Ligand SMILES: [Fe+2]
């Protein structure tokens, strides 16, 4: 999938024009590129204004992200085996993805995206079939996960 995404990113001028302006309220925006009944892929572009972060979330499916402009920091988390807090997570690492680079995730990935640098981060994202009730937003202080 990474190889196919790389071909698309390199060869599609159109894709680079699908830049959603970040919302003045949230500092982020997404644009859906593909939506077809029976093919439940999520294919979109996303923009984050400088220093804006997403919440900490999972996708419950595989994912490929290609950064087209700017830089994204992906912070990764994993669940901690704690009987008292079944949704407790701990940070396990971070990776900076620059324009031209691609990252992929397994269905177990939990991440947070932050645009770093002085320009917005603009990326192409593709996620597999998301099962109902498999996506969550994690709260690292209350150790809770709410449906996303
Ligand atoms: Fe995500």
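Nothing in this text is a laboratory measurement; each read-out follows from the coordinates by a stated rule. None of these values were measured; they are calculated from a predicted model.
For region 1-54 and region 77-119, what is the centre-to-centre distance using only Cα atoms, to the nearest Å?
When both Cα centres are located, 19 Å separates them.
Once the mean 1/r over all distinct Cα pairs of region 2-134 is inverted, what Kirkwood radius in angstroms do you read off?
15.5
When the chain is treated as a GNM, springs tying every alpha-carbon pair under 10 Å, which of 36, 101, 119 comes out with the largest mean-square fluctuation?
Largest GNM mean-square fluctuation: 36.
Compute the angle between helix 2-11 and the longest alpha-carbon principal axis of the chain, please, reported from 0 to 90 degrees and rounded to the nearest 10.
Roughly 30 degrees between the two axes.
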